[in-house]
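The values are calculated or read from the model by the stated rules, or taken from the named source; none is laboratory data. Computed from a predicted model, the values in this text were never measured in an experiment. Backbone-built Cβ (ideal geometry, glycine too); neighbour counts: all protein chains shown. Heads up: the accessible areas ignore ligands, DNA and RNA and are worked out on the full protein's heavy atoms, side chains in. Shrake-Rupley method; radii C 1.70, N 1.55, O 1.52, S 1.80 Å.
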Amino acid sequence: MTVTGATRVGAVIGDPVAHSLSPIIHNAAFAATGFDATFVALPVRPADLGAAIAGVRALDLLGLSVTMPHKAAVISHLDDVRHEAAALSAVNCVVRDGGRLVGTNTDGAGFVDALTAASVDLVGTRVLVLGAGGAARAVVRALVDAGVAEVGVANRTTEKAEAAVLLGGRDARVAEVDDAPDYDVIVNATSVGMGVAAAAAVVPLPADRLRDGHVVVDLVYEPVETGLLAAARAVGAQAVDGVGMLVHQAAHAFTLWTGLPAPVAVMDGAAREALQPKT
Ligand code: NAP
């Protein structure tokens, strides 16, 4: 694309942020739709967050993605926060609404859309979420909204599991990884397996807890094929990788910023190409 005087700028802020795939995914979407914008990654130290958000206003940026460690702290610098982000105390997307900056969270919707794209019908299912950090909390809330029958949350630190369960209301409870055979869908929302080749078989639950008939979702997307997904396939379970959620949460952000339908297949292709192991 040609950057002109009319080209808008969107950005992801984080610390660190150089590893972010958001520029690759959003620039592919801008190119595919002809929307005149470009997307960059901007490192922002925690102490500079307020100044950075003032800069978003002053520079009239198209919108922001927000990643660690700013997802909670950014809230106090915004004009408004939508209910999904307020419930999670975490913003991953900032949208302009006239002169106002509004925070939202697209992780939960992205997760549900990724499962829909993988032909998984969540209604009435029992889902075990492994982990209770930011990603797990977004998933727990989205699952209950999607009409699952029950959400179990199993986490190394029980107090955090108890806090995550509160987001799921009466359909959520604290669980153990050993309960996995009783569930229909297993979601790894821990960071176990991140950056580890599948062959190393680093998995967040004993592999003998997986069975044929499970849907196993790994939110870890680097590597795309994790030890957990390999173990799931080995027992005949359906394996859903983390790229889908990554792409679909970005697709929601793209639509919020541009008003256009997101070119999801193009965004997915760009993410998967970037995640291919380097030889
Ligand atoms: P986080 O807030 O730091 O939470 C990390 C979670 O992993 C906590 O529940 C933590 O348990 C657990 N954990 C870490 N190491 C563990 C270990 N050795 N054994 C057992 N549990 C362990 O991180 P997050 O933002 O939720 O992200 C979690 C993962 O999801 C990351 O891999 C991230 O890349 C991925 N993610 C993917 C997407 C996507 O779009 N696909 C979106 C968001 C996140 P404790 O509470 O006991 O510490």
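Considering T33, T2, the condition of being open to solvent by 30 Å² or more (accessible area, probe 1.4 Å), at pLDDT below 95 and either of a type outside the set (A, V, I, L, M, F, W, C) or in contact with a strand residue (DSSP E or B) (Cβ under 7 Å, 6 or more places away or on another chain) (or both) is satisfied by T2 alone. Identify the residue in the stretch 199-219 that is acidic (D, E) and in contact (Cβ under 8 Å) with a residue 24 or more places away in the chain and, among all such residues, is surrounded by the fewest Cβ atoms within 10 Å (Cβ to Cβ). If we take residues in the stretch 199-219 being acidic (D, E) and in contact (Cβ under 8 Å) with a residue 24 or more places away in the chain, then D212 is surrounded by the fewest Cβ atoms within 10 Å (Cβ to Cβ). Note on the stretch 36-68: residues that are within 18 Å of the chain's Cα centre (by Cα), open to solvent by less than 60 Å² (accessible area, probe 1.4 Å) and over 14 Å from G103 (Cβ atoms) amount to 1.
Just checking, how many residues over the stretch 220-249 are away from the ligand (no atom under 15 Å from the Cβ) and either buried (at least 23 other Cβ atoms within 10 Å of the Cβ) or assigned to a helix (DSSP H, G or I) (or both)? So that I can check it myself, show each step before the final result.
Here is the first cut: in the stretch 220-249, the residues away from the ligand (no atom under 15 Å from the Cβ) are 230-238.
Filter once more, so that each one left must be either buried (at least 23 other Cβ atoms within 10 Å of the Cβ) or assigned to a helix (DSSP H, G or I) (or both): 230-234.
Residues flagged as away from the ligand (no atom under 15 Å from the Cβ) and either buried (at least 23 other Cβ atoms within 10 Å of the Cβ) or assigned to a helix (DSSP H, G or I) (or both) within the stretch 220-249 amount to 5.
When the stretch 204-218 is filtered for residues that are under 21 Å from the mean Cα position of the chain (by Cα) and under 13 Å from R233 (Cα atoms), the ones remaining, listed by number, are V215, V216, V217, D218.
Can you find a residue that is among the acidic types (D, E) and touching a helix residue (DSSP H, G or I) at 6+ places or on another chain (Cβ under 6 Å) anywhere in the stretch 95-108? Full working, then the answer.
Initial filter on the stretch 95-108 (among the acidic types (D, E)): 97, 107.
Among the residues that remain, those that are also touching a helix residue (DSSP H, G or I) at 6+ places or on another chain (Cβ under 6 Å) are: 107.
Looking for residues that are among the acidic types (D, E) and touching a helix residue (DSSP H, G or I) at 6+ places or on another chain (Cβ under 6 Å), one finds at least one in the stretch 95-108, hence yes.
Is it the case that V196 is open to solvent by 30 Å² or more (accessible area, probe 1.4 Å), more than 9 Å from the ligand (Cβ to nearest atom), in a loop (DSSP other than H, G, I, E, B) and of a type outside the set (S, T, Y)? Spelling it out, V196 is indeed open to solvent by 30 Å² or more (accessible area, probe 1.4 Å), more than 9 Å from the ligand (Cβ to nearest atom), in a loop (DSSP other than H, G, I, E, B) and of a type outside the set (S, T, Y). Output yes when any residue across the stretch 102-114 is touching an Asp or Glu at 6+ places or on another chain (Cβ under 6 Å), surrounded by fewer than 20 Cβ atoms within 10 Å (Cβ to Cβ) and of a type in the set (A, V, I, L, M), and no when none is. Looking through the stretch 102-114, at least one residue is touching an Asp or Glu at 6+ places or on another chain (Cβ under 6 Å), surrounded by fewer than 20 Cβ atoms within 10 Å (Cβ to Cβ) and of a type in the set (A, V, I, L, M).
Note on the stretch 250-268: residues that are within 16 Å of the ligand (Cβ to nearest atom) and open to solvent by 30 Å² or more (accessible area, probe 1.4 Å) total 3.
Here is a list: V94, V12, V74, V17. Which entry is modelled with pLDDT of 95 or more, away from the ligand (no atom under 16 Å from the Cβ) and crowded, with 16+ Cβ neighbours inside 10 Å? Steps first, answer last, please.
Details: V12 fails: away from the ligand (no atom under 16 Å from the Cβ); V74 fails: away from the ligand (no atom under 16 Å from the Cβ); V17 fails: away from the ligand (no atom under 16 Å from the Cβ).
Step by step, each of V94, V12, V74, V17 is checked, and only V94 is modelled with pLDDT of 95 or more, away from the ligand (no atom under 16 Å from the Cβ) and crowded, with 16+ Cβ neighbours inside 10 Å.
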